[in-house]
Amino acid sequence: DIIGIQSKAIIKTEPHNWITNFEPNYLPYIDFYDEDFPWRYTPAAPNTGLGRLRPWIMLVVLKEDEFKDGKNIANKPLPYIDVPNASNVFPPAEQLWAWAHVHINEDIVKLEDDIENNDANSVLQRFREVLKKNPDLAYSRIMCPRKLAANTPYHAFLIPVFESGRLAGLGLDPAEKL
């Protein structure tokens, strides 16, 4: 059901467009205003045993020789790319849960000398209190696990993780292909 993302949903991207000297010890990322955005349309159930949920989109950053622009975009809702060696440049699917998180600009753990709290209910309650006080204090982030080489041009793509999203972006009916 999702064919594209409005630009106003994105509050920040790093690196900025046309930057080729991005800090090599940083990772590329996209920040979204809504805290649940990376998981909002995920068709899979969470792995409750491990506390993991794969996001419905992922950020991939590719060198110019690692992809080709899709040639036939007529009657397709979105432009697309062909990535011949996707398994070499895309993050492993089983690790995608680790590259999306919620960032909160206020302490919600509130434990002396400790940065971890295993009481999910108390953390969620404090998270709700922060959002109620100021919804702009939290946002979601999707990162690309690729370290970028210096003075190298890259292209960043936000792409669907699930096959149903890929098919919809190509103008195909996911219900017919699944």
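Key figures for this structure:
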{"item": "Long-range lysine pairs (8 or more apart or interchain), the chain, Cα under 24 Å", "result": "15"}
{"item": "Full-extension gain in nm, Ile73 to Val102, via 0.36 nm per residue minus C-alpha separation", "result": "7.0 nm"}
{"item": "Local electrostatic count at Leu96 - Lys and Arg +1, Asp and Glu -1, tallied over other residues with Cβ under 12 Å", "result": "+1"}
{"item": "Under the Karplus curve 6.51 cos²θ - 1.76 cosθ + 1.60, θ = phi - 60°, whole-Hz ³J(HN,Hα) for the range 53-63, x wherever Gly or Pro sits", "result": "9, 6, x, 8, 9, 9, 9, 10, 10, 10, 6"}
{"item": "The range 54-95-the range 124-178 distance, computed between alpha-carbon centres (Å)", "result": "13"}
{"item": "The chain, relative contact order in percent, only Cα pairs under 8 angstrom and at least six apart counted", "result": "36"}
{"item": "Tensor-based shape of the range 1-61 (alpha-carbon gyration tensor, a/c under 1.5 rounded, otherwise prolate or oblate)", "result": "oblate"}
{"item": "Net lengthening on full extension, Thr48/His16 (0.36 nm per residue, minus Cα-Cα)", "result": "7.9 nm"}
{"item": "Estimated inter-spin distance, Thr152 and Glu23, nm [label 7 Å along Cα→Cβ]", "result": "1.9"}
{"item": "Approximate spin-label separation Asp65-Glu129, in nm, with each point projected 7 Å along Cα-to-Cβ", "result": "5.6"}
{"item": "Tensor-based shape of the chain (alpha-carbon gyration tensor, a/c under 1.5 rounded, otherwise prolate or oblate)", "result": "prolate"}
{"item": "Accessible surface, 1.4 Å probe, highest first, among residues Tyr139, Tyr33", "result": "Tyr33, Tyr139"}
{"item": "For the range 36-109: relative contact order, % (alpha-carbon pairs under 8 angstrom, 6 or more apart)", "result": "27"}
{"item": "Accessible area per residue, Å², the chain with all protein chains present, probe 1.4 Å", "result": "67"}
{"item": "Leading residue at positive end of dipole, the chain (Cβ point charges), from Ile81, Leu27, Tyr154", "result": "Ile81"}
{"item": "Degrees, to the nearest 10: 120-133 long Cα axis against longest axis of the chain", "result": "80"}
{"item": "Solvent exposure, largest accessible area first (probe 1.4 Å, DNA, RNA and ligands not counted), of Met58, Met143", "result": "Met143, Met58"}
{"item": "Estimated [θ] at 222 nm from DSSP helical runs (n ≥ 4, -39500 (n - 2.57)) normalised by residues in the chain, nearest 500", "result": "-4000 deg cm²/dmol"}
{"item": "Total charge dipole magnitude, the chain, about the Cα centre, Cβ charges on Lys, Arg, Asp, Glu only, Debye to nearest 20", "result": "480"}
{"item": "Cα-based shape type of the range 123-178, given that a ≥ b ≥ c are square roots of the gyration tensor eigenvalues and the cut on a/c is 1.5", "result": "oblate"}
{"item": "Net +/- balance of residues flanking Thr13 in space, Cβ distance below 14 Å, scoring K and R +1, D and E -1", "result": "+1"}
{"item": "Residues with amide H under 5 Å from that of Ile11, placed H, sequence gap 5 or more", "result": "Asp31, Phe32, Tyr33"}
{"item": "Residue-level accessible surface for Leu27, protein heavy atoms, 1.4 Å, Å²", "result": "40"}
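The values are calculated or read from the model by the stated rules, or taken from the named source; none is laboratory data. This is a predicted model, so every value here is computed, not measured. No Cβ is skipped: glycine too gets one built from the backbone with ideal geometry, and neighbour counts run over all protein chains shown. What goes into the accessible areas is simple: the full protein's heavy atoms, side chains included, and nothing from ligands, DNA or RNA. Shrake-Rupley method; radii C 1.70, N 1.55, O 1.52, S 1.80 Å.
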